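**Student:** This is the structure, below, for whatever I ask next.
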Amino acid sequence: MTPVTDKPLTKNMRPDGSVVDIRAYEQADGYQAVRKVLHGGMTPNAVTDAVKDANLRGRGGAGFPTGQKWSFVPLGNNAPTPTYLICNADEMEPGTFKDRLLLERDPHQLIEGMIIAGFAIEADVAYIFLRGEYVLAAERLSRAIAEAYDAHYLGKNILGSDYSLELYLHLSGGRYMCGEETGLLNALEGKRANPRSKPPFPPVVGLFGKPTVVNNVETLCCVPHIINHGAAWFHALGRTHDAGTKLFGASGKVKRPGLWELPMGTTIREILEEHAGGMRDGVTFRGLLPGGASTDFVTEEHLDTPMDFTAMAKIGSRMGTGTMIVLDDQTCPVGMTWNLMHFFAQESCGWCTPCWSGLGWVERILTSMEDGQGQPGDLDKLASQAKMWGPGATFCALAPGAAEPLQSALKYFRDDFERHIREKRCPWR
Amino acid sequence: MLSTEEISEIEAEAAHYPRRDAVCIDAMRIVQRHRGWVSDDSLHDIAAHLGMSVTDLDSVATFYNLIFRRPVGRHVIMICDSVSCWVMGYDRMREHLGTRLGIGLGETTSDNRFTLLPIVCLGCCDRAPAMMVDDDLHSDLDPQKIDRALETYT
Ligand SMILES: Cc1cc2nc3c(=O)[nH]c(=O)nc-3n(C[C@H](O)[C@H](O)[C@H](O)COP(=O)(O)O)c2cc1C
Ligand code: SF4
């Protein structure tokens, strides 16, 4: 075996951006984890336990423990068939560009993760649900899937074992709601991507009414490495209890926008200053959304917080997808909030009144504020809307997600909102 | 009428699902790739082929951003209007495209060469602002770069 790396997810990636094909992947010890599982006599439960011990938490944004999710799936001869595994490659959260890298550059890593996850939940059929705009990823995944079938990593009796798995690629019709787990199930069934009521949860009643696990691309890519190197190694990769590495990114007016695989628990400051190179000359830092559009703004005082699920929740935000969007002093915070609310309003599926009607109203208030028509009571109206979208008040997590940047913008940039109303103009225009 | 090529592509996808109507989104995308958009006639043909009602299929079609129910130009420009691109100068890029092409969002040039549409985050935030023209991603945009890119689409 080649020496154990501290950057498992990106270790094979080539600087020229070309794809790692099956031969190169195999030469880098690829598909060893599949062999270990299928030829080494591991049971599905043993695979799930390994993932539980590693404390792998979902990289799609919510951080749900992956092994625990898998353990909800009924196994054995009396379980309903087929069982489905779905890779969520919809990546439509604004400011998020991490799964694209994994899909375009090392597609076999994902396929290997899916075979092992599929084995753990006794899946018969797997889908990669890919957003339609990821054209290059679609090409490279299609080729990689064909290569994997040819090499008997997919299909009937994988590598001569009893385990069989079919893997298909589905290209989305395009809508943010497709990324929501149960909206995705409906989209894959050829319906509108409205969410479903829970319970029952997808591991019990999912796609076409059958047991289904939905996992994010990055989550699944961690799995082969956990099988190869073990839970203790995975814990040691992270700096905090939320184990492993994480793809962290930064966009906005920083010197070097980009994406880096770093230990879980790397501080916001280190990502922002060392990796992204700090702010561009001539602009200063005001705040950032830590992990996509649906996370609460954080400011200067929070920069020494470790980016992980636990620590970010403690400061009233979330790690989300781990790709941060930076706000600078030359950019209007009210305008940025308007942009985010415009997105959520447009993508709301229209099921719950507080969501679709409230988001439209909030977008109109912010538009009028930007146009110099803001009214003294507006801030209270905005704050009360954000409260109405709180967790539990709506059918899915889109509205609570929209509440996060709005409530935190009102908290940290209140003076800027007030100035818009007082001066009857946007000071940045 | 669906072409034999369209039908065989649809059938290949349909084999991936246990229920026939599940393939309807793939089917509309396939037809759109061949014809540029999904007309009422195409919608009828797809619905008939899959044994669905036209109303059901249209309610699916209108839900999705990437299924065009109106004709588009020879090339479709999708400019990202989400937050990172907005911070990095989306407004200026949209204005530049608008002036150069003489159209606004949702419109098609009179020579039918380009349709300009907004799109949500293209996952290219570290190289913002970004747009797609047909299947090609263009990033780190500035007005000169936009002009050079557009020249390659005839
Ligand atoms: C509106 C909305 C959009 C979402 N979009 C995505 C997405 O594009 N990709 C993703 O992996 N998870 C997305 N999620 C989270 C999924 O619902 C789900 O939690 C996740 O795919 C589970 O995978 P994980 O446990 O491996 O993180 C979204 C959630 C919501 C509410
Ligand atoms: S919260 Fe919004 S997006 Fe989610 S189900 Fe309700 S209306 Fe639809």
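The values are calculated or read from the model by the stated rules, or taken from the named source; none is laboratory data. Fair warning: this is a prediction, and the values are worked out from it, not measured in the lab. As a convention, Cβ positions derive from the backbone with ideal geometry for all residues, glycine included, and neighbour counts pool all protein chains shown. Surface accessibility is based on the protein's heavy atoms, side chains included, excluding ligands, DNA and RNA. Shrake-Rupley method; radii C 1.70, N 1.55, O 1.52, S 1.80 Å.
**Student:** Estimate for me the total accessible surface buried between chains B and A (protein heavy atoms, probe 1.4 Å, no ligands or nucleic acids), in Å² to the nearest 100.
**Tutor:** Working: alone 8690 and 17010 Å², together 22040 Å².
Interface area, both chains combined: 3700 Å², rounded to the nearest 100.
**Student:** Can I ask one more? Does segment A:333-423 classify as rounded, prolate or oblate by the C-alpha gyration tensor (a ≥ b ≥ c root eigenvalues; a/c under 1.5 gives rounded; else a/b over b/c gives prolate, otherwise oblate)? Mind dumping the intermediate values first?
**Tutor:** Numbers: a/c = 2.08, a/b = 1.77, b/c = 1.17.
Since a/c reaches 1.5 and a/b is larger than b/c, the shape of segment A:333-423 is classed as prolate.
**Student:** Still on this model: Under the rule a/c < 1.5 gives rounded, and otherwise a/b versus b/c splits prolate from oblate, where does the protein assembly as shown land using the Cα gyration tensor?
**Tutor:** Oblate, because a/c is 1.5 or more while a/b does not exceed b/c.
**Student:** Order these peptides, A:290-300, A:7-17, by their mean beta-carbon neighbour count within 10 angstrom, highest first.
**Tutor:** Ranked by mean Cβ neighbours within 10 Å, highest first: A:290-300, A:7-17.
**Student:** Along the charge dipole of the protein assembly as shown, Cβ charges K/R +1 and D/E -1, which of A:V47, A:V334, A:F344 sits furthest on the positive end?
**Tutor:** A:V334
**Student:** Restricting to Cα pairs below 8 Å that are 6+ residues apart, what does the relative contact order work out to for chain B? Please round to a whole percent. Before the final figure, lay out the partial values.
**Tutor:** Details: 207 pairs, mean separation 28.7, N = 154.
Relative contact order comes out at 19 percent.
**Student:** Let me ask another. Among DSSP beta bridges whose residues both lie in the protein assembly as shown, state the antiparallel percentage, nearest 5.
**Tutor:** Just about 45 percent of them are antiparallel.
**Student:** Let me ask another. If amide hydrogens are placed 1.01 Å from N in the peptide plane, which non-local residues have theirs closer than 5 Å to the one on A:V254?
**Tutor:** A:R280
**Student:** In deg cm²/dmol and to the nearest 500, what is the mean residue ellipticity at 222 nm of chain A if only DSSP H runs of at least 4 residues count, each as -39500 (n - 2.57), divided by the residue total?
**Tutor:** Helix-only estimate at 222 nm: -12000 deg cm²/dmol.
**Student:** So, one more: Of all DSSP beta bridges located in segment B:75-151, what percent are antiparallel, nearest 5?
**Tutor:** Percent antiparallel among DSSP bridges in segment B:75-151 is about 55.
**Student:** Provide the per residue accessible area, probe 1.4 Å, for segment A:8-149, rounded to a whole number of square angstrom.
**Tutor:** 33 Å²
**Student:** Tell me the carbon and sulfur percent of the accessible area for segment B:4-63, rounded to whole percent, probe radius 1.4 Å.
**Tutor:** 49 percent
**Student:** Rounded to the nearest whole Å², what accessible area per residue is found for segment A:188-342 with the 1.4 Å probe? Walk me through the numbers on the way to the answer.
**Tutor:** Numbers: 4560 Å² over 155 residues.
The answer is 29 Å² per residue.
**Student:** Threshold 20 Å², probe 1.4 Å: give the residues of segment B:105-131, in number order, that are less accessible with all protein chains present than with their chain alone.
**Tutor:** Flagged in segment B:105-131: B:V120, B:C121, B:L122, B:G123, B:C125, B:D126.
**Student:** With a 1.4 Å probe and every protein chain kept in, tell me what percent of the accessible surface of segment A:22-237 is carbon plus sulfur.
**Tutor:** Details: 3420 of 6730 Å².
Here carbon and sulfur together make up 51 percent of the probe-accessible area.
**Student:** Only Lys, Arg, Asp and Glu count, each charged at its Cβ (+1, +1, -1, -1), so figure out the dipole size of segment A:1-131 about its Cα centre, rounded to 20 debye.
**Tutor:** Values: 14 positive and 16 negative charges, 41 e Å.
Charge dipole, segment A:1-131, about its Cα centre: 200 debye, nearest 20.
**Student:** What ³J(HN,Hα) values, in whole Hz, does the Karplus curve 6.51 cos²θ - 1.76 cosθ + 1.60 give for segment B:52-64 when θ = phi - 60°, with x put for Gly and Pro?
**Tutor:** Calculated HN-Hα couplings, in order: 10, 7, 4, 4, 4, 5, 5, 5, 6, 4, 6, 6, 9 Hz.
**Student:** I would also like to ask the following. Pull up all non-local amide H partners of A:Y127: gap of 5 or more, or a different chain, and H-to-H distance under 5 Å with H placed in the peptide plane.
**Tutor:** Amide H neighbours of A:Y127, under 5 Å, 5+ apart: A:L85, A:I86, A:C87, A:Y168.
**Student:** Are there residues in segment B:26-68 whose accessible area shrinks by at least 50 Å² when all protein chains are included rather than the chain by itself, and which are they (probe 1.4 Å, ligands and nucleic acids not counted)?
**Tutor:** With the partner chains in place, segment B:26-68 has these residues losing at least 50 Å²: B:R29, B:F63, B:Y64, B:N65, B:L66.
**Student:** What order do you get for A:21-31, A:68-78 when each peptide is scored by the mean count of other beta carbon atoms within 10 Å, highest first?
**Tutor:** Listed from highest to lowest mean packing, they are A:21-31, A:68-78.
**Student:** Let me ask something additional. How do A:R239, A:R59, A:R192 stack up against each other in accessible area, from largest to smallest, with a 1.4 angstrom probe?
**Tutor:** Values: A:R239 130, A:R59 0, A:R192 85 Å².
Output order, biggest surface exposure first: A:R239, A:R192, A:R59.
**Student:** Now, a different point. Of all accessible surface on segment A:303-429 at a 1.4 Å probe, what whole percent is carbon and sulfur?
**Tutor:** The value for segment A:303-429 is 54 percent carbon and sulfur by accessible area.
**Student:** Among A:229-237, B:26-34, what's the highest-first ranking by average C-beta atoms within 10 angstrom per residue?
**Tutor:** Highest-to-lowest ranking by the protection proxy: B:26-34, A:229-237.
**Student:** Follow-up. At 20 °C and 1.002 mPa s, what whole-number value in µm²/s does Stokes-Einstein give for the translational diffusion of segment A:54-126, with Rh from the Kirkwood sum over Cα pairs?
**Tutor:** 156 µm²/s
**Student:** Now for a separate question. Relative to the isolated chain, which residues of segment A:143-187 have their accessible area cut by 30 Å² or more in the presence of all protein chains (1.4 Å probe, heavy atoms, no ligands or nucleic acids)?
**Tutor:** Residues of segment A:143-187 that lose at least 30 Å² of accessible area once the other chains are added: A:Y168, A:H170, A:L171, A:G173, A:G174, A:R175.
**Student:** Now for a different question. Tell me whether segment A:87-246 comes out rounded, prolate or oblate; compute the Cα gyration tensor, take square roots of the eigenvalues as a ≥ b ≥ c, and use a/c under 1.5 as the rounded threshold.
**Tutor:** On the way: a/c = 1.30, a/b = 1.16, b/c = 1.12.
Because its axes are fairly even, with a/c under 1.5, segment A:87-246 counts as rounded.
**Student:** Would you kindly give the portion of the calculated P(r) for segment B:4-63 that falls above 15 Å, as a percent of all Cα pairs?
**Tutor:** 41 percent
**Student:** Output the 0 to 90 degree angle, nearest 10, between the alpha-carbon long axis of helix B:40-50 and the longest principal axis computed from the alpha carbons of chain B.
**Tutor:** 50 degrees
**Student:** Now for a different question. If the only charges are +1 at each Lys and Arg Cβ and -1 at each Asp and Glu Cβ, what is the size of the charge dipole of chain A around the Cα centre, to the nearest 20 debye?
**Tutor:** Roughly 480 debye for chain A.
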